[in-house]
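A.B. asks: Can you keep this structure in mind? I'll have questions shortly.
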Amino acid sequence: MKHEMLTAESAQIKCPLCGEKDVSLLAHRIDVPVLQNVICATSNEARQIPKSDIKLVQCHSCEFVFNASYRQVDYDADYENFQGCSPLFSDYLDAEAKHIAAYVNALNGDVLLIEVGCGQGDFLQNVIRRISSDHKVCGIGFDPAYHGERRKENCFFLSEYFSGNINIGSYVGRDYGHVICIARHVIEHIADPHFLVSECAKLKAKTVDLFLETPDVRWIERNEAFEDIVYEHCSFFNPVSLAYLMREHGFAVEEFRHTFGGQYMWMAARKSLDAQGLNRRYRMHEEEMQAKWEKVLSSDGVFFVWGAGAKGVAFLNLLDPECKMVKGVIDINPKKQGGFLAGTGHPIYAPTVLQQTQETMRLIVMNENYVQEIAALLEKMNVTNAKLMTLRQ
């Protein structure tokens, strides 16, 4: 009779992920501790810990699973969930730290790592120690249960909840082009499934990547893992519901895998801009790029542009319309050699002109796809006094 009543109630519950009402009861617990990872000083204190009910409901539309009876719990300095004492789990964390560090090392430019739910900061520091010294990198950790020093090495730690509206520069003294958010076993503790991802999406940077790890509810269901149903975990995802959440906030999933014996899902996603977002970013950066190249061309040196096609015409008409800063344009097309560039009048030369130039030259390559081909040609011609530059280097 009790089960029938709960099933009838569940028909009135709306899924917090997709808004549908086609849901059913998955599990029911009565009077369970609201916090599992608080160590009590006495047995009496342990028995008096606040308790509540679990009404775990699954949405048939997006497959999200949530505790319809959940009320927010507070995490403070008494919360203890460190798992690194196990050599097995410590090795697992090291492998994940290496994985993120390898991703960062492949990026160009400065990187800020933000860990949401950082605990005492061990994992964030583990990642940063593995990043190449060629990168300028800084970390910020957020966790209301953090109780250590505010700054450790090049990491800042805040005993508070994460917000995407943070002024990054106020903490680390500057803005960063790449921001990577790490959220390991955090999203399952948040009742609003949209909150964490939407806050990450608010961060302003050239790229925002999200590394997220959370239990896979399909593993729980397939293995009938009743011991994994606890009050703290109010939001459960599977690959379908997690992908739905990413799409809702403009993140494109670039990597997905199961970890830790299939119990967890590990996902890397990048914030992808829609047409309006791309438009805003282009308008904001075009003047910056123009100013950057005007400064480069006004510096000392002999400049050539490589490529007398559309890109070269557009570049030089914008940046050197009076034909004063760039000596000429190199093109391998014999029909263009000996002519002059439309609009600016820059002379167009064959690559052999570079063998006749004694000064140090800078060759601005209009299309980066040809850099290796051009470098090979210069080597064949024994031109050693030329430095190749690309527009987005």
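A.B. asks: Taking the stretch 281-308 as the region of interest, how many residues are in a helix (DSSP H, G or I) and either at pLDDT 85 or above or exposed (fewer than 11 other Cβ atoms within 10 Å of the Cβ) (or both)?
C.D. replies: Qualifying residue count for the region: 13.
A.B. asks: Next up: Tell me, which strands (runs of 3 or more DSSP E) wholly within the stretch 323-393 include 1 or more residues that are in contact with a Lys or Arg (Cβ under 8 Å, 6 or more places away or on another chain) and loosely packed, with under 13 Cβ neighbours inside 10 Å?
C.D. replies: 386-390
A.B. asks: Please go through the stretch 100-126 and pick out each residue that is touching a residue at least 40 places away in the same chain (Cβ under 8 Å), out of contact with any His (no Cβ under 9 Å at 6 or more places or on another chain) and farther than 10 Å from CYS155 by Cβ.
C.D. replies: Within the stretch 100-126, ILE100, TYR103, ILE114, VAL116, ASP122, PHE123 meet the criteria.
A.B. asks: Go through the stretch 242-261 and give me each residue that's under 16 Å from VAL217 (Cβ atoms) and either of a type in the set (Val, Ile, Thr) or loosely packed, with under 13 Cβ neighbours inside 10 Å (or both).
C.D. replies: THR259, GLY261
A.B. asks: Ok, one more. Residues of the stretch 97-117 being in a helix (DSSP H, G or I) and open to solvent by less than 10 Å² (accessible area, probe 1.4 Å), which ones?
C.D. replies: Residues satisfying the conditions are ALA97, ILE100, ALA101, VAL104.
A.B. asks: Among the residues of the stretch 30-70 satisfying the criterion of being touching a helix residue (DSSP H, G or I) at 6+ places or on another chain (Cβ under 7 Å) and assigned to a strand (DSSP E or B), which is farthest from LEU245 (Cα to Cα)?
C.D. replies: Taking the candidates together, the pick is LYS55.
A.B. asks: Which pairs do you get when a residue that is without any contact (Cβ under 8 Å) to a residue 12 or more places away in the chain, found in the stretch 17-32, comes within reach of a residue that is of a type outside the set (A, V, I, L, M) and surrounded by 15 or more Cβ atoms within 10 Å (Cβ to Cβ), reach meaning Cβ atoms under 8 angstrom, with the pair 6+ apart or on two chains?
C.D. replies: Qualifying pairs under 8 Å: LYS21/CYS15.
A.B. asks: May I pose another question? What do you reckon, is LYS311 open to solvent by 80 Å² or more (accessible area, probe 1.4 Å), in a helix (DSSP H, G or I) and closer than 29 Å to LYS206 by Cβ?
C.D. replies: Against the criterion (open to solvent by 80 Å² or more (accessible area, probe 1.4 Å), in a helix (DSSP H, G or I) and closer than 29 Å to LYS206 by Cβ), LYS311 qualifies.
A.B. asks: Would you confirm, using the coordinates I've provided, whether LEU278 is open to solvent by 60 Å² or more (accessible area, probe 1.4 Å), modelled with pLDDT under 95 and in contact with a Gly (Cβ under 8 Å, 6 or more places away or on another chain)?
C.D. replies: No: the conditions fail for LEU278.
A.B. asks: Another question, if that's okay. Tally up the residues in the stretch 364-385 that are aliphatic (A, V, I, L, M) and in contact (Cβ under 8 Å) with a residue 60 or more places away in the chain, please.
C.D. replies: The qualifying residues number 3.
A.B. asks: Quick one: LYS136 ticks every box in (1) in contact with an Asp or Glu (Cβ under 7 Å, 6 or more places away or on another chain); (2) at pLDDT below 80; (3) charged (D, E, K, R) bar one, so which box is it?
C.D. replies: Among (1) in contact with an Asp or Glu (Cβ under 7 Å, 6 or more places away or on another chain); (2) at pLDDT below 80; (3) charged (D, E, K, R), LYS136 violates only (2).
A.B. asks: Quick one: THR207 ticks every box in (1) more than 25 Å from VAL73 (Cα to Cα); (2) at pLDDT 90 or above bar one, so which box is it?
C.D. replies: (2)
A.B. asks: Can you tell me which residue within the stretch 23-35, out of those that are closer than 21 Å to SER61 by Cβ and either buried (at least 17 other Cβ atoms within 10 Å of the Cβ) or modelled with pLDDT under 90 (or both), is farthest from the chain's Cα centre (by Cα)?
C.D. replies: In this case the residue turns out to be LEU25.
The values are calculated or read from the model by the stated rules, or taken from the named source; none is laboratory data. Bear in mind the structure is a predicted one, so any value in this text is a computation, not a measurement. We place every Cβ from the backbone using ideal geometry, glycine too, and count neighbours over all the protein chains shown. What goes into the accessible areas is simple: the full protein's heavy atoms, side chains included, and nothing from ligands, DNA or RNA. Shrake-Rupley method; radii C 1.70, N 1.55, O 1.52, S 1.80 Å.
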